[in-house]
Amino acid sequence: MKPTEDVTREQKIEGADAIMDKGYITEHDEPAMMDKAWCAPFLEQINDELRLRTVAARAKLQLFHYYSGDGVIIYDPKQLTEADAKRNLRQALGYHK
């Protein structure tokens, strides 16, 4: 799958690198993720890059609602549980106490 006009090759590679390194990527890492509609094609591109690297892991897109606002995280469910993903996103966005 070729990078689209919206998702650049660099974003695709950086997203896959983040998934492999720490298990997730948030809008703190990639500011374009603040656009929730942009995240779906970004997830497809990340999973495509992981497939090219012959990595069995597939990332998952999750939206969480906080009192301070919504947040989006793309994470590897084999590395993180949904609760871990929610906690990591909350901390990345500065919503923690």
Problem - For the chain, alpha-carbon Rg and Dmax in angstrom - result: 12.7, 41
Handout entry: Relative contact order [Cα under 8 Å, 6+ residues apart], the chain, whole percent
Key = 28
Problem - Backbone HN-Hα couplings from phi across the range 26-34 [Karplus 6.51/-1.76/1.60, Hz, Gly and Pro as x] - result: 10, 5, 5, 7, 10, x, 5, 5, 5
Completion exercise
Computed ³J(HN,Hα) along the range 6-22: with the Karplus parameters 6.51/-1.76/1.60, θ = phi - 60°, integer Hz and x for glycine or proline, the list is 7, 10, 7, 4, 5, 5, 4, 5, 5, x, 5, 4, 5, 4, 6, 6, 10
Exercise for the section: Note down the magnitude of the dipole of the chain about its Cα centre, charges +1 on Lys and Arg C-beta and -1 on Asp and Glu C-beta and zero elsewhere, to the nearest 20 debye. Expected result: 400
Completion exercise
By Cβ neighbour count within 10 Å, fewest first, Glu14, Glu49 rank Glu14, Glu49
Fill in the blank from the handout: Calculated from DSSP helices alone, with each H run of at least 4 adding -39500 (n - 2.57) and the total divided by the residues of the chain, [θ]222 nm to the nearest 500 comes to -14000 deg cm²/dmol
Problem - Ranked list, fewest to most other Cβ atoms within 10 Å of each Cβ, for Thr81, Thr8 - result: Thr81, Thr8
Fill in the blank from the handout: Listed with the fewest Cβ neighbours within 10 Å leading, Phe42, Phe64 appear as Phe64, Phe42
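Each value in this text was obtained by applying a stated rule to the coordinates, not by laboratory testing. Everything numeric here is computed off the predicted structure, so don't read it as measured data. Every residue, glycine as well, gets a Cβ built from its backbone with ideal geometry; the counts of neighbours run over all protein chains shown.
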